[in-house]
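The values are calculated or read from the model by the stated rules, or taken from the named source; none is laboratory data. This is a predicted model, so every value here is computed, not measured. All Cβ positions, even for glycine, are placed from backbone atoms using ideal geometry, and neighbour counts span all protein chains on display.
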Amino acid sequence: MFFYDFIKELNMNFFYYTVFKLQEMIEGSYKNSIKKSDRDQYRQYTPRMLWGNPCKFFPTTPLSVYQSPELFEKLHLDTLFFIFYYQPGTYQQHLAAKELKKKSWKYHKKYTTWLLPDFNTIKILNEQVEHGTYVSFDYVSTWSKQLKKNFSFEYIHLEDEITI
């Protein structure tokens, strides 16, 4: 009888130990679970320099090579999109938009995204709308190109202030 009680107690201890460890792991994973704030859109970092620039020789303006349209002609599409979306209000954003427009991309102001028309499927319905298949650049969720079939592009939403 003693041996049976010993095994029973050993099994109970093992059971409680296993349950305790599982509970510990579940609590640990809950503490590190995804929070709503983890999904928030990236906000550009703007440092607060309360005491000014500590280094007198640190550059405060971009190098002139980064303001050259010739450099932007050589950049990959992803780089141009990154510059356009994450350097708002800068000359570099203007140069990136100009280069995207040279590559036949159109900026849709309502959806704030770039669209590339598939010229084989585009039909101009009237002076204000064209309809067809477009390649859209999704910068919010997937950072990739997506195909939009049967999309109607209204010219009132076309950004045409960027001159090539």
I need the strands (runs of 3 or more DSSP E) fully contained in region 62-164, keeping only those with at least 3 residues that are touching a Pro at 6+ places or on another chain (Cβ under 8 Å) and farther than 25 Å from Tyr45 by Cβ. 129-138
Filtering region 110-125 down to residues that are more than 16 Å from the chain's Cα centre (by Cα), among the polar types (S, T, N, Q) and surrounded by 14 or more Cβ atoms within 10 Å (Cβ to Cβ) yields none
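For Val19, indicate whether it is modelled with pLDDT of 85 or more and either exposed (fewer than 10 other Cβ atoms within 10 Å of the Cβ) or over 30 Å from His108 (Cα atoms) (or both). Walk me through it before giving the result.
Values: modelled with pLDDT of 85 or more: no; either exposed (fewer than 10 other Cβ atoms within 10 Å of the Cβ) or over 30 Å from His108 (Cα atoms) (or both): yes.
So Val19 does not fit the description; no.
Within region 55-85, can you find the residues that are surrounded by 14 or more Cβ atoms within 10 Å (Cβ to Cβ) and closer than 15 Å to Tyr139 by Cβ? Step through it out loud before you land on a result.
Let us first name the residues in region 55-85 that are surrounded by 14 or more Cβ atoms within 10 Å (Cβ to Cβ), namely 66-67, 72, 75, 77, 80-85.
Residues satisfying the conditions are Leu77, Leu80, Phe81, Phe82, Ile83, Phe84, Tyr85.
Pick out the one residue from Ser141, Ser136 that is touching a Leu at 6+ places or on another chain (Cβ under 8 Å) and of a type in the set (S, T, N, Q).
Details: Ser141 fails: touching a Leu at 6+ places or on another chain (Cβ under 8 Å).
That would be Ser136, the only listed residue that is touching a Leu at 6+ places or on another chain (Cβ under 8 Å) and of a type in the set (S, T, N, Q).
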With the requirement that a residue be farther than 24 Å from Pro69 by Cα and β-branched (Val, Ile, Thr), what does region 107-164 give you? Thr121, Ile122, Ile124, Val129, Thr133, Val135, Val140, Thr142, Ile156
